[in-house]
Amino acid sequence: MTAQASHAIDAAMEKSLTAMAPRPDVGSLSIESVSKTYDPEGARVVALHDCSVDIAPGDFLAIVGPSGCGKSTLMNIIAGFDNVTEGRVLLDGQLLATPSSPPKPGPDRVVVFQNGALFPWKTVLENVMYGPLVQHKMALDAAEERAMDLLTKCGGLDKVAASYPPQLSSGMQRRVEIVRALINEPKILLLDEPFRAMDTVSKNTMHQHLLEMYRVCRKTILFITHDLEEAIYLADKVIVMTSRPGTIKSTIAVNLPRPRTPEMMLGAEYLALKAQAIASVHEEAKKAFERGEREHA
Ligand SMILES: Nc1ncnc2c1ncn2[C@@H]1O[C@H](COP(=O)(O)OP(=O)(O)OP(=O)(O)O)[C@@H](O)[C@H]1O
């Protein structure tokens, strides 16, 4: 084999090792004119007003906005924990929520929160296998094989398959939790500030792990965060919400190539997007602050 042919094979292998998994054909979400009022007969807290967002299958969408603007409310509606007051939500064209038909939680929409929810008395492998076993979707052997495959693909977590969650760092626990969500073949992965409590170094490490998981097991992802840098670094689109009642203020398209690398955060394109996001969010955060609400953004 010539040196030229060998370089060509190396380049092709390198490309296949960093290529994105194909876009899935499920996982499109339509949020249509959604409003949400808590306690309509009493305090009437209007959390969301006329919000519309479309997410294509396999897209990574981040939502940012000042504290109390309704980010978690929106996620809770999609997860099936709460209902809309007006408007509707569709998943792959199927009605998920309308005022007269409350959504239900389901394995097609899995939420990962900042405070983990792994069973401490089960090993990593048992935690990951739990969903399909309890729902009688897989036999024990098949669940174990699938769990080990996912753990291996998602950054070599198979090495901690026999460990118990309390033996692992919080970052490792969060990664296992995402794998536990992925084994259920969700159409959409809902991540509610999963790295909020982490220090900068751990957070940066988690970003690389999440991007790698997204590359190999591509799913629609909805990611809520207060961290604008994180939102731009990870997502294809960043939705900026207004202060309460939350509406969609702007959508920032992030056309940075994938795979994303930390060096991109020093580039002109990333910095311009960050400046755009900061201007948009801080205008809203200022309004919220002036009204006496807490500011995180
Ligand atoms: N169950 C509830 N009953 C009444 N009001 C609520 C309820 N849940 C949330 N709210 C109010 O709705 C508004 C939106 O809350 P939500 O938690 O969705 O905002 P958020 O953007 O996720 O906030 P943060 O960034 O601080 O987590 C807030 O004013 C909050 O106090």
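Relative contact order for the chain: 25 percent, from Cα pairs under 8 Å spaced at least 6 residues apart, divided by residue count.
Within segment 218-297, list the trypsin sites (Lys or Arg not before Pro) lying in a DSSP loop whose Cβ has at most 11 other Cβ atoms in a 10 Å radius.
Arg291, Arg294
In this structure Phe113 has an accessible area near 80 Å², from a 1.4 Å probe over the protein heavy atoms. With respect to the chain, whose longest principal axis is taken over its alpha-carbon atoms, helix 124-134 is tilted by about 70°. Here Lys71 is the anchor, and the lysines within straight C-alpha reach of less than 18 Å, apart from those fewer than 8 places off in the same chain, are Lys36, Lys237, Lys249, Lys286, Lys287. Against the longest principal axis of the chain, how steep is helix 170-182, in degrees 0 to 90 to the nearest 10, with axes from Cα atoms? Result, in degrees: 90. Placing unit charges on each Cβ (+1 for Lys and Arg, -1 for Asp and Glu) gives segment 79-237 a dipole about its Cα centre, and among Pro102, Phe81, Thr205 the Cα reaching farthest toward its positive end belongs to Pro102.
To put it simply, the accessible area of segment 25-87 at a 1.4 Å probe is 47 percent carbon and sulfur. Accessible surface for Leu228 stands near 20 Å², nearest 10, in the context of the full protein assembly shown (1.4 Å probe).
Inter-part distance, segment 14-84 to segment 233-272, computed on C-alpha centroids, equals 16 Å.
Simple point charges give the picture: +1 on the Cβ of Lys and Arg, -1 on the Cβ of Asp and Glu, and for the chain a dipole about the Cα centre of about 120 debye.
Could you report the chain's accessible area per residue, 1.4 Å probe, as an integer in Å²?
Per residue, the chain has 47 Å² of solvent-accessible surface.
The values are calculated or read from the model by the stated rules, or taken from the named source; none is laboratory data. All values derive from a computational prediction rather than experimental measurement. Note that we place each Cβ from the backbone using ideal geometry, even for glycine, and neighbour counts take in every protein chain shown. The area values use the complete protein model at the heavy-atom level, side chains included, leaving out ligands, DNA and RNA. Shrake-Rupley method; radii C 1.70, N 1.55, O 1.52, S 1.80 Å.
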